[in-house]
Structure formats: structure tokens, C-alpha cells
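The structure appears right after this line, and notes come after that.
Nothing in this text is a laboratory measurement; each read-out follows from the coordinates by a stated rule. This is a predicted model, so every value here is computed, not measured. Using ideal geometry, Cβ is built from the backbone for each residue, glycine included, and neighbour counts are taken over all protein chains shown.
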Amino acid sequence: MIVDTGSAAAWESDPYVVPWPEMRPFWAAAAEGRFMMPRCIACQKYHWHPRPLCPFCRSSDIELVESRGQGTIYSYGIACTWTPPHAVAFVETHEGPVILTKIVDCDLAELRIGLPVRVKLMPVTGGRSLPFFTPHR
């Protein structure tokens, strides 16, 4: 459920954020409307989701780089039993990682594999802003 809490700093007490303080820069940037992608300085590979160690080389030398926020739908499914129905998709980002996300602000009948999409950071319960995607024409 999308909720506008009105507080960009509410994520600081969010139980999904507090246990991983090294991810606070990601959540802070998202609250400001910037989508950051983690990249390992050692091997130069982008990865998803934000975490303290590179999943490729195990280096802890990670930087957050502002993403272009663009990609294409790699795969998707439509949850027809929800009201209203919505689409969940794997989006292959321009930087390379594939993100499991929700597709928003679209006609579900127009979705297809390979459809260009762009990120839309949306506030959710707790003050965090999550990356969803919307068609980009």
C-alpha cells in the first residue's frame, strides 16, 4: 500500500532500515527522490540490492552511484486476484542488475517483455521510498 507519510526522515526508525545502518545513504537518497545503485569499487560491477559486501568479489568497498533509472521489462506477471490488479516484474536496469519490482501508472494490457521503463520512487509506509517502475516511451 502506498502511503505518503509526509516525513522524509521517518525511515530512520523503520525496522527494515535500522538493522543495516550502512544502507542509510541509499534510503536517504531515495527519500530525496534519487535512485542510487550500489557498485563495487574493487570489481566495478553494479549489484542489486544494496548490501555491505559485493556479491561478486566480497569486497566491502561499495559506493552508491546515481542510476539512470531506466531499464526494460525482463519478465512480468499480473496479479489479477488483487484489487486493483497490478503487475510485478523483473526489470533489467541500464546498469545491469535485474530488480524485482512493481510496475505502476500503466495500462496492464500494454505490458510486454522488452518494454522500456523508468524508475518512479514512491513513498511507502514507514517513510521509505521504494523503486517502482513505469513505462517510458
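Here's how it looks for Met122: its modeled amide H is under 5 Å from those of Leu130, Phe132, which are all 5 or more places away or on a different chain. A Cβ-based charge dipole, computed about the Cα centre of the range 12-135 with Lys and Arg at +1 and Asp and Glu at -1, lands at about 180 debye. Dipole check for the range 45-93: with +1 at the C-beta of Lys and Arg, -1 at the C-beta of Asp and Glu, and the Cα centre as origin, the magnitude is about 120 Debye. Compute a Gaussian network model of the chain, connecting alpha carbons closer than 10 Å, and tell me which residue from Pro21, Pro52, Pro97 fluctuates the most. Sorting by GNM fluctuation, first place goes to Pro21. In terms of its C-alpha gyration tensor, the chain comes out oblate, because a/c is 1.5 or above while a/b does not outweigh b/c. Loop-located chymotrypsin sites (Phe, Trp or Tyr not before Pro) across the range 41-122 with a Cβ neighbour count of 11 or fewer within 10 Å are Trp82, with loop assigned by DSSP.
Each residue of the range 37-43 was assigned a 3J(HN,Hα) from its phi angle through the Karplus expression (A = 6.51, B = -1.76, C = 1.60, θ = phi - 60°), giving 10, x, 9, 7, 6, 5, 9 Hz with x at Gly and Pro. Spatial offset of the range 94-137 relative to the range 14-74 amounts to 17 Å, using the alpha carbon center of each. Annotation: amide H-H contacts under 5 Å for Ser67 (H modelled 1.01 Å from N, sequence separation of 5 or more, or interchain): Phe35, Met36, Met37.
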